Amino acid sequence: MRVVAVAGAKGGVGKTAAAVNLAMVASAAGYRTLLWDLDPQGAATHCYRARARVKGGATRLLGGKRGLDSYIRSTDHVRLDLLPADPSFRVVDTVLSSRRWPDRVIRKLLRPLDRSYDVVILDCAPGLGIVTESVVAASDLVLVPVVPAPLSVRSLEQLQAFIDEHRPGLPLLAFLSMLDDRKVLHRQVVGQLQGDPRVALSAVPVSSAVERMGLEQVPAVLASPLNLAAVAYRRLWAEVEDRLDLDAPSGSVIDLTGLAEQADEPVRPDDTAPSGVV
Ligand SMILES: Nc1ncnc2c1ncn2[C@@H]1O[C@H](COP(=O)(O)OP(=O)(O)OP(=O)(O)O)[C@@H](O)[C@H]1O
Ligand SMILES: [Mg+2]
């Protein structure tokens, strides 16, 4: 089992969009996947049409008396399960700080799931608090979206400093999020980050297909598989997969692009990949 955290200090940069889509891509690639929504806002839970409630809330869940498996729900998708959010996660830092070893809590909770899942994706709330310490201690890779703006680049450095302090050596993979290459500033930031080994080659463009996820409650990679953002998430997963040293997936592969013709909505010409790009 490999654990990927989607995290960072900044809010609204595309963490949930990435977690939701990468979880779908990973499960379609044949991996038994768990998406854990650690954000009290419950946006990832909403995208998978589940209720953002956990019986007993954060205190009981993190207390560990009952295994995480008792809170996990299946989704409409094969090999993809969800650990939903709960509003009580707003006080998760307080709950964790009352524990003797707060940074070990998430790792310990996940350990019994080792044989049940190949990939666990943690969708984190923005911030670098105690919960992020616990997440970083449990993860094999931290994924951080960077919106091309000078301050977002700074937040990448903040996360790097946080990792250096709490889990030196933990791999970090940044990716450009909501990229609009018609904007000069965006192109400048792309230039600035080019060649940085921590930055993924795939960048997720700004796309209405991603925005529509909140309404349609279907991951963009499924609803609009030929959309450029969907293409970017699939490529990003390939880069994540490369860094995770995963065993070969046990399940059969589902070709998401093959579902394009059955997608609810016609593919839009403005942000669709040219043929041959998958
Ligand atoms: N590639 C994209 N193109 C267009 N809109 C996007 C894209 N990615 C995310 N968004 C939109 O931006 C908003 C914030 O995205 P998202 O919720 O994924 O960010 P987040 O980092 O998880 O936010 P938070 O820190 O609040 O959890 C959402 O309305 C989402 O639909
Ligand atoms: Mg989010």
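The values are calculated or read from the model by the stated rules, or taken from the named source; none is laboratory data. Keep in mind that this is a model prediction, so the values were computed, not measured. Virtual Cβ from ideal backbone geometry, glycine too; neighbours counted across all protein chains shown.
How about region 124-154: which of its residues are in contact with a Ser or Thr (Cβ under 8 Å, 6 or more places away or on another chain) and part of a loop (DSSP other than H, G, I, E, B)? Across region 124-154, the qualifying residues are 124, 147.
Scanning region 86-101 for residues that are among the β-branched types (Val, Ile, Thr) and buried (at least 18 other Cβ atoms within 10 Å of the Cβ) turns up 92, 95. Among the helices (runs of 4 or more DSSP H) confined to region 183-268, the ones with at least 2 residues that are within 30 Å of residue 164 (Cβ to Cβ) and either at pLDDT 95 or above or among the small types (Gly, Ala, Ser) (or both) are located at 228-244. All told, residue 85 meets the bar of being under 19 Å from residue 139 (Cα atoms), touching a Ser or Thr at 6+ places or on another chain (Cβ under 6 Å), within 16 Å of ligand 1 (Cβ to nearest atom) and at pLDDT 95 or above. Of all residue pairs spaced 6 or more apart or on separate chains, those with beta-carbon atoms under 8 Å, a first member in region 173-202 that is farther than 11 Å from residue 153 by Cβ and more than 16 Å from ligand 1 (Cβ to nearest atom) and a second member that is part of a loop (DSSP other than H, G, I, E, B) and modelled with pLDDT under 90 are 185/149; 187/181. Is it true that residue 53 is without any contact (Cβ under 8 Å) to a residue 24 or more places away in the chain and more than 13 Å from ligand 1 (Cβ to nearest atom)? Here the answer is no, as residue 53 does not meet what is asked. In contact (Cβ under 8 Å) with a residue 60 or more places away in the chain, within 16 Å of ligand 1 (Cβ to nearest atom) and either assigned to a helix (DSSP H, G or I) or in contact with a Ser or Thr (Cβ under 9 Å, 6 or more places away or on another chain) (or both), is that true of residue 8? Taking the combined requirement at face value, the residue satisfies it. A residue that is over 25 Å from residue 239 (Cα atoms), of a type in the set (A, V, I, L, M, F, W, C) and more than 14 Å from ligand 2 (Cβ to nearest atom) cannot be found anywhere in region 5-25.
Considering only residues that are away from ligand 2 (no atom under 16 Å from the Cβ), charged (D, E, K, R) and either within 26 Å of residue 78 (Cα to Cα) or surrounded by fewer than 18 Cβ atoms within 10 Å (Cβ to Cβ) (or both), which ones fall in region 104-154? Within region 104-154, 104, 107, 108, 111, 114, 115, 118, 140, 154 qualify. Listed conditions (1) surrounded by fewer than 20 Cβ atoms within 10 Å (Cβ to Cβ); (2) at negative phi; (3) within 16 Å of ligand 2 (Cβ to nearest atom) are all met by residue 217, apart from (2).
Which pairs have Cβ atoms under 6 Å, sit 6 or more apart or on different chains, and link a residue in region 17-28 that is within 15 Å of ligand 1 (Cβ to nearest atom) to one that is modelled with pLDDT under 95 and among the hydroxyl-bearing types (Ser, Thr, Tyr)? Once the first residue is within 15 Å of ligand 1 (Cβ to nearest atom) and sits in region 17-28, no partner that is modelled with pLDDT under 95 and among the hydroxyl-bearing types (Ser, Thr, Tyr) comes close enough.
Within region 160-178, track down each residue that is part of a helix (DSSP H, G or I) and within 15 Å of residue 138 (Cβ to Cβ). Residues satisfying the conditions are 162, 163, 166. Using the structure shown, decide if residue 31 is away from ligand 2 (no atom under 16 Å from the Cβ) and at pLDDT 95 or above. Judged against the criteria, residue 31 is a match.
Residues that are on the phi > 0 side of the Ramachandran plot, small (Gly, Ala, Ser), surrounded by fewer than 18 Cβ atoms within 10 Å (Cβ to Cβ) and in contact (Cβ under 8 Å) with a residue 40 or more places away in the chain: does region 33-44 have at least one? No, that holds for no residue.
Listed by first and then second residue, the pairs linking a residue in region 65-87 that is at positive phi to a residue that is in a loop (DSSP other than H, G, I, E, B) and surrounded by 14 or more Cβ atoms within 10 Å (Cβ to Cβ), with Cβ atoms under 8 Å apart and 6 or more places separating them unless they lie on different chains, are 79/30; 79/31; 79/32; 79/251. Contact annotation: residue pairs with Cβ atoms under 8 Å, 6 or more positions apart or on different chains, pairing a residue in region 114-135 that is within 14 Å of ligand 1 (Cβ to nearest atom) with a partner that is among the basic types (Lys, Arg), are 123/15; 124/15; 126/10; 126/15.
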